[in-house]
Amino acid sequence: MAQRKAINKSLSRREAMQLLGCGTAAACFLPSLLAFKSNSIMKRNIPSSGEALPVVGLGTWQTFDVGVNREQRRQLAEVLKEMKALGGAMIDSSPMYGTSEQVVGDLCTEQQISEHFFYATKVWISGRQAGIDQMQSSMRKMKRSTMDLMQIHNLVDWETHIKTLRDWKGEGKIRYWGITHYTNDSHEKLEQLIRQERPDFVQFNYSINERNAEKRLLDAAKDHEVAVIINRPYDGGNLFRKVRGKELPDWCSDIDINSWGQYFLKYILSYKAVNCVIPGTSKVKHVIDNMQAGYGRLPDVEQRLKMVHHFNNL
């Protein structure tokens, strides 16, 4: 009976695997559990290299800025363990995010899981040497001899830093370089730089409630073979405030959606130009739920429209 009660729409992937490990008793419940055991998280190739990257990662804005607080660090260590267990790879940070870079570096090293992740951070300062100094500091904090992805945060002094990043990529100090912003007003400039500078990655805001990127930016990235990272997938928490107390529609089971968080992330991931979405969290249950969006079916064009219509009419 305990197993039967545990299997419901909000069942975690780890719980599913534990149940399946119990033998044939679990096999009679949900076929989707059996499918999950043989599946891995969805991956999409980075256009500039062909490297496969898991589609759900982790943002660290505010959530990892915990300094030396032992209890909060313990909780974040569990978040990273669950993320690794469920196949997530990208961890995105910035010197703007307080102690987040240091916390990520410390925890991954302490748990001996450093080599599992794809590390991304940013340069957020004006001036060539100041940028170099800041990026070197970030690499020390995250304990990386080579950074997977270095980005120009909010396009600060981008003309200067692009030259450094191209040099660093050529020298093997970084594997990829990119540009970022988080507002709709920046999309036109990001599109221009995609066409003009051809970065490896571009990062910007996009959600079911904030779809400006669908007009041109997503297509520009796809057409020019630039990998896409999505920030603010929950519109700063506004999406959850709108659906609080509301039930998921029954048809969500057709696209393997078991929570509102998965509803919002799968909407984003259904656009094939998106390589990775990076929701931030400091809670284990939330990272498990977020990672589940990288498994199972994604909505097609008709289902995407249905999702928007349903959300707008709540």
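The values are calculated or read from the model by the stated rules, or taken from the named source; none is laboratory data. Everything numeric here is computed off the predicted structure, so don't read it as measured data. Note: ideal-geometry Cβ built from the backbone for every residue, glycine included; neighbour counts use all protein chains shown.
Only one of 257, 230 is of a type in the set (A, V, I, L, M, F, W, C) and in contact with a Leu (Cβ under 8 Å, 6 or more places away or on another chain). Can you tell me which? Full working, then the answer.
Numbers: 230 fails: in contact with a Leu (Cβ under 8 Å, 6 or more places away or on another chain).
After applying the criteria, what remains is 257.
For region 210-235, give me each residue that is among the acidic types (Asp, Glu) and either part of a helix (DSSP H, G or I) or outside the structural domain of residue 276 (by TED's automatic domain parsing) (or both).
214, 219, 223, 235
Count, please, the residues in region 161-202 that happen to be among the polar types (S, T, N, Q) and buried (at least 17 other Cβ atoms within 10 Å of the Cβ).
Adding up the residues that qualify gives 3.
Only one of these is under 20 Å from the mean Cα position of the chain (by Cα) and either under 30 Å from residue 180 (Cα atoms) or at pLDDT below 95 (or both): 110, 115, 15. Name it.
Exactly one of 110, 115, 15 is under 20 Å from the mean Cα position of the chain (by Cα) and either under 30 Å from residue 180 (Cα atoms) or at pLDDT below 95 (or both), namely 115.
Name the residues in region 236-282 that are closer than 17 Å to residue 308 by Cβ, of a type in the set (D, E, K, R) and not in a helix (DSSP H, G or I), would you?
246
State which residue pairs qualify: first residue closer than 18 Å to residue 145 by Cα and assigned by TED's automatic domain parsing to the domain that holds residue 212 and inside region 172-189, second residue part of a helix (DSSP H, G or I) and of a type in the set (Phe, Trp, Tyr) in any location, beta carbons under 7 Å apart, and separation of 6 or more residues or different chains.
174/168
Could you grab me the full set of residues in region 104-131 that are surrounded by 21 or more Cβ atoms within 10 Å (Cβ to Cβ) and β-branched (Val, Ile, Thr)?
104, 121, 123
Does region 292-307 contain any residue that is out of contact with any strand residue (DSSP E or B) (no Cβ under 6 Å at 6 or more places or on another chain), among the basic types (Lys, Arg) and in contact (Cβ under 8 Å) with a residue 60 or more places away in the chain?
Checked region 292-307: no residue is out of contact with any strand residue (DSSP E or B) (no Cβ under 6 Å at 6 or more places or on another chain), among the basic types (Lys, Arg) and in contact (Cβ under 8 Å) with a residue 60 or more places away in the chain.
For region 224-244, give me each residue that is crowded, with 19+ Cβ neighbours inside 10 Å and aromatic (Phe, Trp, Tyr).
Across region 224-244, the qualifying residue is only 234.
Inside region 119-142, can you point out the residues that are closer than 11 Å to residue 95 by Cα, in a helix (DSSP H, G or I) and among the charged types (D, E, K, R)?
Result: 141, single match.
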